[in-house]
Amino acid sequence: MNGPQAAQLSSDDVQRIDALRDAHARLRAELARVIVGQTEVIDRLAICLFARGHALLMGVPGLAKTLLVSKLAETMSLKFSRIQFTPDLMPMDITGTDILQETDEGRRVFQFVHGPIFANIILADEINRAPPKTQAAMLEAMQEHKVTVLGNTYTLDEPFLVLATQNPIEQEGTYPLPEAQLDRFMFLIELGYPNEEEEVKIARTTTGETLPSLSPLLHAEEILALQHLVRRVPVPDHIYQFAAKLVRRTRPSGDTAPDWLKPLVSWGAGPRAVQYLILGAKTRAALHGQYMVRLEDVLEVAAPVLTHRLITTFAAQSEGIDAKAIVQRLVKESREDG
């Protein structure tokens, strides 16, 4: 054990956290061979993977979202599947369906053909381009890790992670995700433009020979064990209270909401936000080799957890104030108070 922080963890768990910290460092180094920059995005994807949460990726085209997700699966020795969402995509195109097959004996029987949802890491590309009926086909898989087709239920392989993308600049012909479905995503991860140095490096590394294959760092069984490990990371009582208070401050109808927020937010975050704040903080602490959750861990995951759970008012939109700016101010005030 390394000091009093590890008092609530077994010596085996401490060693596993140390191994997870080293694996996290190797993951960043391995992905850096093909992904330029995006270190914060990689860290947040790792948090979602080990916390058993799903992520919504927001960024303009050309920021290597698909490449990043596919290479993440490659380093984890996981099966990767990409689903391109389009207006004519049907639920059965995602889940699979029964088809009539003829056996060797000449009999005709229905046989289930697995859809692309049967993988470990799913990239739901431009999920807001499909109609609500097709978007809803993802809900059961994301929440229950299973799908039901024609009355039969099929369990998905573990680990299971959905990474959906949305294009923030092209809204014609799209179907915005309803709030209930947005709430299923643990993180909203925003990808920004690279800086000039990174953009030059991108041009050098992607316009030559084929990209290198990455070495597998972890296997499915190891990832499942680490997912159980992060849930055992101790959380002090005052951290639970802080997370709950932070979420309650986003609700304009509550007594704890600051006065400046009330005219800007019509609906705040629900209880699932508190769960994801704690799970995200536990996972971040473990990835950084810490044996107990700190206030810093909660504050660092607050923005990706809360931003897509706030519904702004017309007054906020008319003033150019978005949910991201509101969450940043809340986190800043909470950091100063904490």
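Observations
- Remark: segment 13-26, residue by residue, has Karplus-estimated 3J(HN,Hα) of 5, 4, 5, 5, 5, 4, 5, 5, 4, 5, 5, 5, 5, 5 Hz, where x stands for each Gly or Pro and the curve is 6.51 cos²θ - 1.76 cosθ + 1.60 at θ = phi - 60°.
- Residue among 306, 271, 211 farthest towards the positive dipole end of the chain, charges placed on Cβ: 271
- Amide H contacts under 5 Å for residue 313: 265, 266, restricted to partners 5 or more places along the chain or on a different chain, H placed in the peptide plane at 1.01 Å from N.
- Charge context of residue 294, other residues only, Cβ under 10 angstrom, K/R +1, D/E -1: -2
- For q = 0.09, 0.11, 0.12 Å⁻¹, Debye-computed log10 I/I(0) when each Cα of the chain counts as one equal scatterer: -0.53, -0.79, -0.94
- Loop-located GluC sites (Glu not before Pro) across segment 106-196 with a Cβ neighbour count of 14 or fewer within 10 Å are 170, 172, with loop assigned by DSSP.
- Taking a point 7 Å out from the Cα of residue 29 in the direction of its Cβ, the residues of segment 282-302 whose backbone N falls within less than 20 Å of it are 286-290.
- For segment 263-274, putting each phi into the Karplus relation 6.51 cos²θ - 1.76 cosθ + 1.60 with θ = phi - 60° gives couplings of x, 9, 10, 8, 8, x, 6, x, x, 4, 5, 5 Hz, in residue order, rounded to whole numbers and with x for Gly and Pro.
- Structural size metrics of segment 106-148, computed from C-alpha coordinates, are Rg and Dmax of 13.4, 44 Å.
- CD proxy at 222 nm, helix term only [per DSSP H run n ≥ 4: -39500 (n - 2.57); per residue of the chain; nearest 500]: -13500 deg cm²/dmol
- Taking segment 65-107 and a reference point 7 angstrom along Cα→Cβ of residue 150, the backbone N atoms nearer than 19 Å belong to 90-107.
- Under a model in which nothing but the beta-carbon of Lys, Arg (+1) and Asp, Glu (-1) is charged, segment 104-191 shows a dipole of about 340 debye around its Cα centre.
- Max mean-square fluctuation residue, GNM over the chain, Cα-Cα springs under 10 Å, options 198, 30, 300: 198
- With the convex hull drawn over the C-alpha atoms of segment 69-201, the volume per residue is 158 Å³.
- Proxy reagent accessibility, fewest Cβ within 10 Å first, across 142, 92, 76: 92, 142, 76
- Surrounding net charge for residue 25, when Lys and Arg each add one and Asp and Glu each subtract one, Cβ distance under 13 Å: -1
- Taking a straight line from the alpha carbon of residue 71, these lysines sit under 16 Å away, with near neighbours fewer than eight places off in the same chain left out: 79.
- Computed over the alpha carbons of segment 131-245, Rg followed by Dmax gives 19.9, 54 Å.
- The charge dipole of segment 185-338, taken about the Cα centre with unit charges on the Cβ atoms of Lys, Arg (+1) and Asp, Glu (-1), comes to about 660 debye, rounded to the nearest 20.
- Taking the C-alpha atoms of segment 22-90, convex hull volume expressed per residue in Å³: 111
- DSSP-defined antiparallel bridges as percent of all bridges, segment 8-135, nearest 5: 60
- Extension gain for residue 204 to residue 22 (0.36 nm times residue separation, less C-alpha to C-alpha distance): 62.6 nm.
- Along its three principal directions, the equivalent ellipsoid of segment 1-115 from the Cα gyration tensor extends over semi-axes of 39, 23, 13 Å, largest first.
- Interchain or long-range residues, amide H under 5 Å from residue 54's placed H: 186, 187
- Dimensions (Å) - segment 233-338, Cα atoms, principal axes, largest first: 44, 25, 24
- Cα centroid separation, segment 37-79 to segment 211-232 (Å): 14
Read-outs throughout are calculated quantities, based only on the coordinates presented, and are distinct from any laboratory measurement. Because the structure is a prediction, the values reported are computed rather than measured. Glycine gets a Cβ as well: all are built from the backbone with ideal geometry, and neighbour counts include every protein chain shown.
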